[in-house]
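The values are calculated or read from the model by the stated rules, or taken from the named source; none is laboratory data. These numbers were taken from a predicted model, which means no experiment stands behind them. As a convention, Cβ positions derive from the backbone with ideal geometry for all residues, glycine included, and neighbour counts pool all protein chains shown. Surface accessibility is based on the protein's heavy atoms, side chains included, excluding ligands, DNA and RNA. Shrake-Rupley method; radii C 1.70, N 1.55, O 1.52, S 1.80 Å.
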Amino acid sequence: MIELGGPTMGVAWSAKALAPVGFDAAAAEAAIQTLLNRLVAQMSPWEPQSDISRFNRAPAGAWMDMAPAFHHVLSGALRWAQASDGAFDPTAGRLVDLWGFGPAGAVEAPPAPAAIKAALAAGGWDRLALEGSRAFQPGGLELDFSGIAKGFGVDEVSRALSAMGLPDHLVEIGGELRGQGVKPGGEPWWVEIAAPPGSALPGGPILLALHGLAIATSGDYRRFLEHDGRRYAHTLDPRLGRQIDNGVRSVSVIHGSCMDADALSTALSVLGPVAGPEFAEKHGLAAYFLVDDGDDLREIPSSKFEAMLG
């Protein structure tokens, strides 16, 4: 088995794969790094000349040609934005910056209500139009793919490894994972559901076999702003312009597409402990919620998630 890895999207990528004797692992690693660098050059708002940065700077009324990967991610993001009534919104870039989680840099205090109101007015997934391979900038709209790009990157690395003749592999980018085929010995790729730091899952550890499946987890503990003794999580409700405050500590989604799992884990976190599970049941999603009930963590598994555990 070979192990590959490197930096991407502000985190790290890694891959384990069964490879034949003599396989050139260094060349494979370089090819995957080039692939991921290309995605960053399209989708990172931290890169001034990226496609997403150029769209965000474009004047009102401008149409921008999109590369196929960019178009795929944006189309997928808009699909879940519509389905979730804006609980997931790829046009929340101004809000992300306002709270100190974007390329504008960290902030020392929460933004003023007037600033939040202005950012909400500038955003809105329903203001964005797609026509073929072009995207329309209505004016002031700022895209942010932080809730979906890592998952797409995982899918792309998995596709690349299969194309290299390595169909048995496990890929990870920043905690989002995809498993294909089997491990040495014929076992599936087993992964464990992540628990918030300092906590344990109420029912004990949960192991899942990723056989042609991906898992993504959104947690309120991964990034945050601290001010006056209060912690503001990085997961924003794009409908309200502020952090979620619904008791959800984390949501894990298992899906055939890591891109979709990534977006859905965020959307379900925003929807909360009542509407989130209802959405998961309606759309047939394998989702696992951890909710803070004050003294303890409560788990809410969707019926499809429970079925996967057997």
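Quick rundown of the values:
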item	result
Debye intensity ratio I(q)/I(0), log10, the stretch 1-91, q values 0.15 Å⁻¹ (C-alpha model)	-0.75
Ratio of Rg to Rh over the stretch 29-70 (Cα coordinates, Kirkwood Rh, two decimals)	1.06
Relative contact order, percent, the chain [alpha-carbon distance under 8 Å, six or more residues apart]	16 percent
Estimated vicinal HN-Hα couplings, Hz - the stretch 119-127 in sequence order (Karplus 6.51, -1.76, 1.60; Gly, Pro = x)	5, 4, 5, 7, x, x, 4, 6, 8
Calculated diffusion of the stretch 31-173, Stokes-Einstein form, Kirkwood radius summed over Cα pairs, 20 °C and 1.002 mPa s, µm²/s	133 µm²/s
Order by protection proxy (mean Cβ within 10 Å, highest first), peptides 201-208, 179-186, 11-18	11-18, 179-186, 201-208
Convex hull volume per residue for the chain, taking Cα atoms only, in Å³	134 Å³
Most to least packed among 157-163, 279-285 [average Cβ atoms within 10 Å]	157-163, 279-285
Surface share of carbon and sulfur [accessible, 1.4 angstrom probe, percent] for the stretch 240-306	45 percent
Estimated [θ] at 222 nm from DSSP helical runs (n ≥ 4, -39500 (n - 2.57)) normalised by residues in the chain, nearest 500	-10500 deg cm²/dmol
Cut-off under 5 Å, modelled amide H: who pairs with Gln243 long-range	Asp237
Percent of beta bridges antiparallel (DSSP, the chain, rounded to nearest 5)	100 percent
Long-range HN-HN contacts of Val248 with modeled amide H, under 5 Å	Asp292
